[in-house]
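The values are calculated or read from the model by the stated rules, or taken from the named source; none is laboratory data. The shown structure was predicted, so the numbers you read here are calculated from the model rather than taken from an experiment. Note: accessible area is taken over every heavy atom of the protein model, side chains too, but ligands, DNA and RNA are not part of it. Shrake-Rupley method; radii C 1.70, N 1.55, O 1.52, S 1.80 Å.
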Amino acid sequence: MPAEEQEQHEEKKDWIPARVVLGVLLFFISAASYMHGSNMAVIIVNIVVPPETSIFGDPQCKTGNDTPEATTEPPNISTRYPWSQVLQSVMLGIYYLGYSITHVPGGLLAEKFGARGVVFWTSIVSAVCTALTPVCADGHYSLVIINRFIVGLCGGVVYPAMHAAIARWVPLNEKSKFVWCTIGGTFGTMVTFPLCGLIMSEWGWQAAFYITAAIMFVIAIIWFFLMHNTPQQHPRITARELKYIEESLGYKISTTKVSKFPAKKVLTSRHVIALVTLHIGDVWGLFFPATYGPKFLKEALGFDLYATGGLAALPYLARLLFGIVFSEVTDAMRARKIMSTTYLRKLMAIFSHLVSALFLFLMAVMGCNPYYSIICLTLSLGFNGASVGSCLANPHDLAPNFAGTIFGIQNAVGSLFSAFSGFIAGAITKDKSGLAEWQLIWDIGGGVYVFTALVYFIWGTGERQPWNDASDFPDQNNASENATEMKVENERDYAENEDIKQR
């Protein structure tokens, strides 16, 4: 083909860059995964038999006309089960226990075999299990617990696999934008609340499981046919885009062999420990409102969930929109070298953790007005969107070769604490689910945010670690050369820090 025709052909192919397709796939597969994680939180309200003697609500919240009581039920009442508050908390929390177990294996598998197949097969299993939930409920509540545990196992693989793909596809100055794509899960949660409410009102709670399972199945099929593990394997990527990615990554990614994960160095690194601690606060502050927000609105404030499904989803829309802003700001500041990567990550942590904590603390003093509570929840989760520039991006700073596995570690630990938070909520609201009980729950959430941020401010860093490259360069000469490059890079970051201090 003549050079001119080749160039025109490349321009046509470049009309939709392969990275754009990757970003869309990341967004929607994470949305579907979160949909399976959060659907139980809103569906369970109509699975259980309401107790004859209500333990719900606070007497002071039932006075006046500002707060509508949650008496509206969907017209299509399906089979209900006499599950206790503790049992419901176990069903909600067990997902996160399973979710936490497969994070590290998921990252390792994606780094070895690629994200395409790993995400596809776990998503298909998750869809099948979700569709079988009504059958499990008819059998025994223990089957529901096992089912949700398996769905959690599948969901735990998705996020570290996505980060492994980002490490292989995305240039440094675009990291935050693509990390934002992984919070498509927030969109999944946002859509799940009103969608499941609408489905249950028309066809019953069983249909809500069937439809969310079908959505996952369709997105998984699209993922399988459009996703490719590396830019080099993509059949339609242009030579220009491939060259841009390879030259812009800024680090070496092993594509010919599997790097040996430096487990001891990672697990004993104070910088990784600080990152994991920061992520605990992020996951606690994100998953807890997603799981227990509907219960809080209905049980403590007596707010009609069916009449306000859109308001219940508003906090997650805020996280998506705030995330776009913070990802753009983070990438722009990094590209212009306004401050070092370390300072930039800690700046974003102020917004993602401390500001979010402030609004959780305000939740505890908002009283019975559900609209004030929703405003606080909205702003808390909105500022949590700054995590695209703090804990969600930091694994790619420390060790891009092992970003998927490191993210798996931090999300596994964070999810374990999220499961624990569910058991705490169940214990606090066991005898009464009123205003005072939920005030304590929100105060605990704000305290976790603050503590984890302080740990990161002390020990966190944005510098690439020497052990990122050691396993990829068995030859001593190459290893020495790489160590020299790392030394120069870290000295440059130090000089930038000193310059910033003087200014």
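Here are a few things to note about the model shown:
- Structural descriptor for the stretch 340-395: relative contact order 53 percent, calculated from alpha carbon pairs under 8 angstrom and at least 6 residues apart.
- The residues Tyr449, Tyr210, sorted by heavy-atom accessible surface at 1.4 Å with ligands and nucleic acids left out, run Tyr210, Tyr449 from largest to smallest.
- Phi angles across the stretch 398-415 convert, under the Karplus curve 6.51 cos²θ - 1.76 cosθ + 1.60 with θ = phi - 60°, into 3J(HN,Hα) values of 5, 7, x, 5, 10, 4, x, 5, 5, 5, x, 5, 5, 6, 5, 5, x, 6 Hz, Gly and Pro given as x.
- Computed extension gain for Gln232 through Ile458, at 0.36 nm per residue and net of the alpha carbon distance, reaches 77.4 nm.
- Full-stretch length increase - Lys430, Val325 - with 0.36 nm per residue and alpha-carbon distance subtracted: 33.8 nm
- The residues of the stretch 122-277 have, on average, 41 Å² of accessible surface per residue, using a 1.4 Å probe with all protein chains present.
- Near Val48, the amide H atoms lying under 5 Å from its own belong to Tyr81; only residues 5 or more places off or on other chains count, and H is placed 1.01 Å from N.
- In terms of accessible area, using a 1.4 Å probe and ignoring ligands and nucleic acids, Asp397, Asp138 rank largest first as Asp138, Asp397.
- The string of couplings for the stretch 330-337 from the Karplus curve (6.51, -1.76, 1.60, θ = phi - 60°) is 4, 5, 5, 5, 6, 5, 8, 6 Hz, one whole number per residue in order, with x for Gly and Pro.
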